Amino acid sequence: MTARRDRAADEARARTGWLVISAARFSGIAMIVAGFAVVRGLIDLPYAAGVVLAVAGFLDFFFVPRLVARSFRTEESRKQ
């Protein structure tokens, strides 16, 4: 019975991790698109704000999911 609960808890943790990582990627994409819209003049903000937003979006898309994945690793996978 304990093994079943442990497995259910591990699956719930993995599902939560996947959702958080996916949300981080989608927010990065949204920031990139918004930054490009600012740079192209579709949104009335300064050009520099668009560049900063796009660069932050790229960093968010590529690096934040890795950082989040580290926090969701199990103890067993850290030992391997």
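Which whole-number percent is the relative contact order of the chain (Cα, under 8 Å, 6+ apart)? Spell out each step's value before the answer.
Details: 70 pairs, mean separation 27.1, N = 80.
34 percent.
When the helices of the chain are scored as -39500 (n - 2.57) per DSSP H run of n ≥ 4 and the total is divided over every residue, the value at 222 nm lands at -30500 deg cm²/dmol.
Can you give me the orientation-averaged projected area of the convex hull built on the Cα atoms of the chain, in nm²? Show your work: numbers first, answer last.
Values: hull surface 24.4 nm².
That works out to 6.1 nm².
Values in this text are rule-based calculations from the coordinates and carry no lab data. Everything numeric in this text was worked out from a predicted model, so none of it was measured.
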